[in-house]
Amino acid sequence: MTSTPSGGPLTGLRVVELAGIGPGPFAAMLLADLGAEIVRVDRPGEGASVIPPELDAMRRSRKSIVLNLRSEAGVGAVLDLVEKADVLIEGFRPGVTERLGLGPDRCWERNPKLVYGRMTGWGQDGPLATSAGHDISYLALTGALHAMGRAGEDPAVPLNLVGDFGGGSLYLVVGVLAAVYEAARSGKGQVVDAAIVDGAASLTTVLHGMMSAGIWRDERGVNELDTGRPWYDVYSTSDDKHVAVGPIEPKFFAEFMTTLDLDPAEWDRTAPESWPVLRERIAAIFRTKSRDDWAKVFEGTDACVSPVLSLTEAPTHPHLAARNTFVEVGGVTQPAPAPRFSRTPATIQSNPSAPGSHTREVLESWGVRDVDSLLEQGIAVQS
């Protein structure tokens, strides 16, 4: 796949990404898929990863340069890029870019309208700001992890999707775009402090509202959406696979029960004492057929029953295949850009870029000074 203009809704937006791991690169990928021109600044010797660059889908849709940020000339090259950019994204611990000479104040000297996006776990201030952490750490502190799982069991770890990418990347993208919109009117940039701990807490807003209303208990596995109800859970099938069940509304529940040859009128959903028996009855029925057989039984109904597919199986599901929800780029099957736009569609602009594969091209096209000298001194590296 070759690089082509995307025509996406963010076409014309220029972003400098100081390479990091996890939520920062994912946020940059989202912006790039939407049409932003993004330059990823990798550092010498840091191209190695658990994922080879050519297979790392989160590196897609943008160009990579390699600069030594421990040299003043390398920092100066980044500042030259900043002068032409709308946004800078960084994911270091608080104070690191300031020590490098690339903090917000120095960047604003070159470009007062620059939006400075900061992606961290704990945020730019507070007692834990400089501490190490990972997705699970942030979920633990916000109460989100405590809420996940079954009654009487340990909390269930939701991969790193809820914290890193939900509470982190998505909130950084929202913040950056909001700040770009504001800067277009005020002429002034600002810092976007996107902390995963803040975003993860924000994602629990509905639970706090439900607790206040007395319809959610601060316990695992006893509520409407946490397997506390027989009609919102996963069930094993005869082939040791699973189906997901979620007919919350009464009319959907009635259709679900009828499809299982159960009489909904015989089961009082408002009587918790009947739920264990109902759960056992549903479980026994689902164990009589395979997952795919049950998928056929419930196809076309409003019973809210879906097969639990593996990551390998998901791209071939008829609905996802019809919508091209997954695409193949460079031999790697991966999710397509989301969301979708009727007039300015988002696209994957290019294959994942190897560190430094566009160094000369980007530095010259963005008007960085003394490119030949930077390359000759090894401050900039062209792979």
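A short reminder: the numbers here are calculations on the coordinates, not readings from a lab. Only a predicted model underlies this, so the values are computations on that prediction, with no experimental measurement involved. Note that we place each Cβ from the backbone using ideal geometry, even for glycine, and neighbour counts take in every protein chain shown.
When the chain is described by a simple charge dipole with +1 on each Lys and Arg Cβ and -1 on each Asp and Glu Cβ, the residue from THR130, GLY76, ALA28 located farthest towards its positive end is GLY76. Residues considered: ALA183, ALA27, ALA85. Largest GNM mean-square fluctuation over the chain, using C-alpha springs under 10 Å, is found at ALA183.
For segment 242-307, calculate the relative contact order in percent as a whole number, restricting contacts to Cα pairs under 8 Å that are 6 or more residues apart.
On the way: 56 pairs, mean separation 36.0, N = 66.
Relative contact order for segment 242-307 comes out at 54 percent.
Highest mean packing first, where packing is the average number of other Cβ atoms within 10 Å per residue, the peptides 112-120, 202-210, 270-278 line up as 112-120, 202-210, 270-278. Normalised by the number of residues in segment 257-383, the average gap of Cα pairs under 8 Å and 6 or more apart makes the relative contact order 11 percent. In summary, the lysines within cross-link reach of LYS113, defined as a Cα separation below 24 angstrom excluding same-chain residues under 8 places away, comprise LYS63, LYS84, LYS188. Applying 1/(1 + (r/R0)^6) with R0 = 51 Å to the Cβ-Cβ distance of SER365 and ALA284 gives a FRET efficiency near 0.20. Of LEU10, LEU34, LEU375, the sequence from fewest to most neighbouring Cβ atoms within 10 angstrom is LEU375, LEU10, LEU34.
Taking the Cα centre of the chain as origin, work out the dipole magnitude from +1 charges on Lys and Arg Cβ and -1 charges on Asp and Glu Cβ, in debye rounded to 20.
My answer is approximately 760 debye.
Site pair SER310 and LYS113 shows an inter-label distance of 5.1 nm when each label is modelled 7 Å from Cα along Cα→Cβ.
To the nearest 20 Debye, how big is the dipole of segment 144-200 about its Cα centre, given +1 on the beta carbon of each Lys and Arg and -1 on that of each Asp and Glu? Write down the numbers at each step before the final one.
On the way: 3 positive and 6 negative charges, 55 e Å.
Around 260 debye, computed over segment 144-200.
Using C-alpha pairs under 8 Å with a sequence gap of at least 6, the mean separation divided by the residue count of the chain gives a relative contact order of 24 percent.
Which value, in debye to the nearest 20, gives the size of the charge dipole of segment 242-307 about its Cα centre, when Lys and Arg are +1 and Asp and Glu are -1 at the Cβ? Walk me through the numbers on the way to the answer.
On the way: 8 positive and 12 negative charges, 52 e Å.
Approximately 240 debye in magnitude.
If I model a spin label as a point 7 Å beyond the Cα along the Cα-Cβ vector, how far apart are those points for HIS317 and THR270 in nm? Distance between the two pseudo-spin positions: 3.4 nm.
Which order do the peptides 261-268, 227-234 take when ranked by the mean count of other beta-carbon atoms within 10 Å per residue, highest first?
Details: 261-268: 12.1, 227-234: 19.0.
Ranking the peptides 261-268, 227-234 by packing returns 227-234, 261-268.
Backbone N atoms of segment 235-275 closer than 19 Å to the 7 Å Cα→Cβ label point of VAL206 belong to residues 244-253.
With neighbours defined as other Cβ atoms within 10 Å of a residue's Cβ, the residues ARG14, ARG291, ARG62, ARG40 order from fewest to most as ARG14, ARG291, ARG62, ARG40. Residue farthest toward the positive end of the dipole of the chain, with Cβ of Lys/Arg at +1 and Asp/Glu at -1: which of ASN111, VAL332, VAL157? Going by the charge dipole, the pick is ASN111.
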